[in-house]
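These notes are about the structure you will find just below.
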Amino acid sequence: MDIKILKITKNQPERMEIRCHEVTEEIREIVTFVKSRQGQLTGVLEGKKYEISVLDIYYIEAVDNRVFLYCSRQVYETKQKLYELEEFLKEKYFLRVSKSLLLNLMKVKAVKPALNGRFIAILQGGEEIMISRKYVPELKKALKGGAC
């Protein structure tokens, strides 16, 4: 595969073009990676692919080796692994709050203590997310203005 990079002037719009004989899994992975760097994730709902802005995601959860993106009205499945999403999203105010869940701190309305050192995050839509005690110190640090 030949890779070519062209430098353009500031008044020209940036774009990326992939020319291929066939859209392979490798090409799809490249497209997913590039899109994820732009603040969007690819999600699947009822067999259709959608581009979801990171800003619209409330939390991301791994269940039975599948990863789901939870938005206000829909739940999408993604092919990316939770650890990959965690690495990409840590600069976008997402924080791991349990072994299987990443929380968008920008969607948290309130946080309250729960039993056994755990906390509960109340999201803008009213949904409650349990925060494991192992992750409470990172949550406190993030909420006090520390880096996520």
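The values are calculated or read from the model by the stated rules, or taken from the named source; none is laboratory data. Bear in mind the structure is a predicted one, so any value in this text is a computation, not a measurement. No Cβ is skipped: glycine too gets one built from the backbone with ideal geometry, and neighbour counts run over all protein chains shown. The area values use the complete protein model at the heavy-atom level, side chains included, leaving out ligands, DNA and RNA. Shrake-Rupley method; radii C 1.70, N 1.55, O 1.52, S 1.80 Å.
Overview of results
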item	result
Thr24 among the polar types (S, T, N, Q), farther than 23 Å from Leu95 by Cβ and at pLDDT 90 or above	yes
Of all residues making up segment 47-65, the number that are aliphatic (A, V, I, L, M) and more than 20 Å from Lys109 (Cα to Cα)	3
Qualifying residues in segment 29-46 (those that are open to solvent by 100 Å² or more (accessible area, probe 1.4 Å) and more than 22 Å from Lys107 (Cβ to Cβ)) - the one farthest from the chain's Cα centre (by Cα)	Glu46
Single unsatisfied condition, Val111 versus (1) out of contact with any strand residue (DSSP E or B) (no Cβ under 6 Å at 6 or more places or on another chain); (2) farther than 17 Å from Glu61 by Cα	(1)
Check on Leu55, in a strand (DSSP E or B) and touching a residue at least 24 places away in the same chain (Cβ under 8 Å)	no
Hits in segment 49-95 (condition: open to solvent by less than 80 Å² (accessible area, probe 1.4 Å), modelled with pLDDT under 95 and of a type in the set (Gly, Ala, Ser))	Ser53
Any pair with Cβ under 6 angstrom, 6 or more apart, that starts in segment 16-34 at a residue that is touching a residue at least 12 places away in the same chain (Cβ under 8 Å) and ends at one that is surrounded by 10 or more Cβ atoms within 10 Å (Cβ to Cβ)	Thr32/Thr42
Positions within segment 22-52 being in a strand (DSSP E or B) and among the β-branched types (Val, Ile, Thr), in sequence order	Thr42, Val44, Ile52
Segment 63-116, subset of a type in the set (Lys, Arg) and assigned to a strand (DSSP E or B), residue nearest to Glu29 (Cα to Cα)	Arg66
Tally of residues being under 19 Å from the mean Cα position of the chain (by Cα) and crowded, with 18+ Cβ neighbours inside 10 Å across segment 106-141	8
